[in-house]
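What follows is a set of notes on a single structure, which appears directly below.
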Amino acid sequence: MSDNNIIIDIEHLSKSFGDHQVLKDISLYIRKGEFVTLLGPSGCGKTTLLRMIAGFLQPDEGKIMMEWDSKGGKSEFLDVAKIPPHERPLNTVFQRYALFPHLDVYDNIAFGLKLKGVPKDEIDVRVRKVLKLVSMSDYEDRDVNSLSGGQQQRVAIARSIVNRPKVLLLDEPLAALDLKMRQDMQIELKEMHQKLGITFIYVTHDQAEALTLSDTIVVMNEGRIQQIGTPIDIYNEPVNSFVADFIGESNILNGTMIEDRKVRFLGHDFDCVDEGFGENVPVDVVIRPEDIYIMNKTEGAQFTGTVKSCTFKGVHYEMYVNTDSGNEIQIQDYNAFETGSTVGLIIRPDDIQVMRKERVENTVDCTVVDETHIEMLGEEFECKPVSGIAPGAPAKAHISFSKIDLMDHEEEGTASGEVWFILYKGDHYHLTVKTESGEFVYVDTQDIWDKGDLVGIRILPEDITVTEGDEQTK
Amino acid sequence: MSKRSNWAVPYLIFLVIFVALPLILIVVYAFQGQDGGFTFKNVTNFFTDGDALNTFAVSIEVAIENTLICLLLGYPAAYILANKDLNKSAVTVILFILPMWINALMRTLATAELFNVLGFSLGKGTLLFGLVYDYLPFMIYPIYNVLLKMDTSYAEAAADLGATPVQVFGKVTLPLSMPGISSGILMVFMPTVSTFAISEFLTNNKIKLFGTIIQENINSSMWNYGAALSLIMLLIIGLTTLLLGGDKENAVEGGTV
């Protein structure tokens, strides 16, 4: 990286715990003074990444380059992967604060300075200054256990920033606070960041918090970075259906890109601003609920629908509308529309976000057993007759999303798995199912499942097409 | 009054018969003369009885030595057992606690026999060995419990703030494990002062501990003097508990087996 504004540069980081790979080839850089948020659902690897930057975990592969002050007063870039946490120029605010219960507020904050051998009167000045910054003056003699959650949080932040770290790491620091407190602390954190000019790396699963606080959001899922961008970019232009679903409310629909600037979904053709997808390519279309214009008259509308429900949400009304194509979409508007009434709907071209589909069918690694059987997902399946592939050879099985049946009981299926992720696509659900073998299969279904449901997986033989396994895995 | 308070009655009876009454009897006997009248003589006798005073001093000395050795051996053992990187199996913990399941008298007799076979002469060394062997688990377990429950984020926070591994231990882990240490000290020091069987078997009565002279007096029907000595020992134990028991709740928690 030639940009000397960069303070941390992470290159191809991977980490596994046992068989479970929690981080897969993570690369990102962080600029000086930036407020970066690692955002994702639990288990996405965001905390692991933070702990690696802090030094509590060592990466299996990859580098963590960090700006380092060498003795000559010059700064250089150094791979810190092997450097223990106490030597790194950064500090962490822990999820449950981890204030030392045997020390009072003052001694907790002075802990780092005392270790560095800072003179006593300077410690005094700095501790008082930082207590004032977090609005906790007069609390210095208090026992940390007697403080409320919010106060402990402030002390934990003070304990970190008093050491003037180059980078402050925050691991879901507001997770334990109630909503009102959390919102107040968000504003204070933002102000603190501006005042101190320290780089903040913030971990959270709360998308609203990420949108409020960050300069840059790194959206993570399943150990991979999904998207890096400003809050506005990520909200308006999600790169895939996961990001679209995770950030804010959204309608995610199946569509077809007919040609440049023309996309078909909900049974109608719409003008859009996207180009370069090719012609007649299946795509995912994301429309934010507040971007659909709803009116009582149907003339002049692009398409029509019937209001199914209307709920008051404080500032706006949230409505579910059945479109003339039979899909259900969510709409937010300042006006209420009566349930059962027919409404006209309009979507503006630049409010349509078109995304390339990550996949159009299931492609599963398998091994040919005999002419009509293959082994995949850790089980043996019957399939369409295979020709030209020798038994024992690796191959690929292709199964359409809608041709996988999910069963209530695991034993009813040939293989079994757990519902991992659910996406509503307007007229059906697109489920991600993690099989017992640890692979993912994707299922389109009308049935309602819950995340975490254990299901049997059944596939009819005629729906499994086997092709030769290419060497290329992607 | 309410039905529920009636459930306490059996326990109350138990407490009265086995705890309160014996205590009262000890106090009564301690202040009773040969003639049956009230006297301070039994108690004052102790302070003029050179033999008893000497034994008392030896008892305290042995108890302190035993407690220190147990602490020095027990803390590292507990630390290793509680550390998930160093000890991955629950079986090792059981192995350390296992001796507690066998009667102390049996173990002591066996140890004494072992020393006889090996030709060691019985004395202070063998006494301390036996005491440490008997009481070490009582030191390890409460410390192990406290260390096991300790949130690892404290140590991480200290390292994060610039503490080397040695400083992390000295400034965070050790102070936070104090409840376990004081509980362990209580559980080793107090029984050592009053023990008599171990010193009898492992020194052939060459070294007498305070418990021994109480037992000797009671055995030779000098109940009043024996009771007075018991009372003095009770006071000492009470004082030790008070001194160490500033953090009572934690001490109890740490001592739960």
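Before moving on, here are some points about what is shown:
- Dipole in debye (nearest 20) - the stretch A:247-356, about Cα centre, beta carbon charges: Lys, Arg +1; Asp, Glu -1: 260 debye
- Calculated FRET efficiency for the pair A:D350/A:E87, C-beta based, R₀ 51 Å, to 0.05: 0.55
- Dipole of the stretch A:161-226, positive end: most advanced residue of A:P165, A:L189, A:F200 [Cβ charges, Cα centre]: A:P165
- Tail fraction, Cα-Cα pairs, the stretch A:362-468, threshold 21 Å, whole percent: 32 percent
- Helix A:149-161 axis, angle to chain A major axis (alpha carbon atoms, nearest 10°): 70 degrees
- CD proxy at 222 nm, helix term only [per DSSP H run n ≥ 4: -39500 (n - 2.57); per residue of the protein assembly as shown; nearest 500]: -11500 deg cm²/dmol
- Per residue of A:52-58, other chain Cβ atoms within 10 Å of the residue Cβ number 2 on average.
- Shielding by partners - mean other protein chain Cβ count within 10 Å, residues of B:216-228: 0
- ³J(HN,Hα) computed for each position of the stretch A:398-413 - Karplus, 6.51 cos²θ - 1.76 cosθ + 1.60, integer Hz, glycine/proline x: 10, 9, 5, 4, 7, 9, 9, 9, 9, 10, 4, 10, 4, 6, 6, x
- About the Cα centre, charge dipole magnitude for chain B (Lys/Arg +1, Asp/Glu -1 at Cβ), debye: 400 debye
- For the stretch A:74-156, the fraction of alpha-carbon pairs in successive 5 Å shells from zero, as %: 3, 13, 22, 22, 17, 11, 8, 4, 1
- Quarter the surface of the alpha carbon convex hull of the stretch A:247-356 and you get the mean projected area, 6.6 square nanometres.
- Distance distribution note for the protein assembly as shown: the fraction of Cα pairs above 39 angstrom is 58%.
- Other protein chain Cβ atoms within 10 Å, averaged over every residue that makes up B:160-171: 6
- Each residue, A:D233 and B:L68, gets one label point 7 Å from its Cα in the Cβ direction; the gap between the two is 6.7 nm.
- Sorted peptide list for A:125-138, B:42-55, criterion being average Cβ within 10 angstrom, highest first: A:125-138, B:42-55
- Among A:G267, A:S42, A:I346 the positive-end extreme of the charge dipole of chain A (Cβ point charges): A:S42
- Between the Cα long axis of helix B:104-118 and the first principal axis of chain B there is an angle of about 80°, rounded to the nearest 10.
- The stretch B:1-156, Rg to Rh (Cα coordinates; Rh as Kirkwood inverse mean 1/r): 1.12
- Partner lysines for A:K114 [C-alpha distance under 23 Å; skip if fewer than 8 residues away on the same chain]: A:K71, A:K129, A:K132, A:K166, B:K171
- Crossing angle, helix B:178-194 versus chain B [Cα axis fit, 0-90 degrees, rounded to tens]: 30 degrees
Bear in mind these aren't lab numbers, they're just calculated from the coordinates by the rules spelled out. Not measured: the values here are computed from a predicted model. Ideal geometry is used to build each Cβ from the backbone, glycine not excepted, and the neighbour counts take in all protein chains shown.
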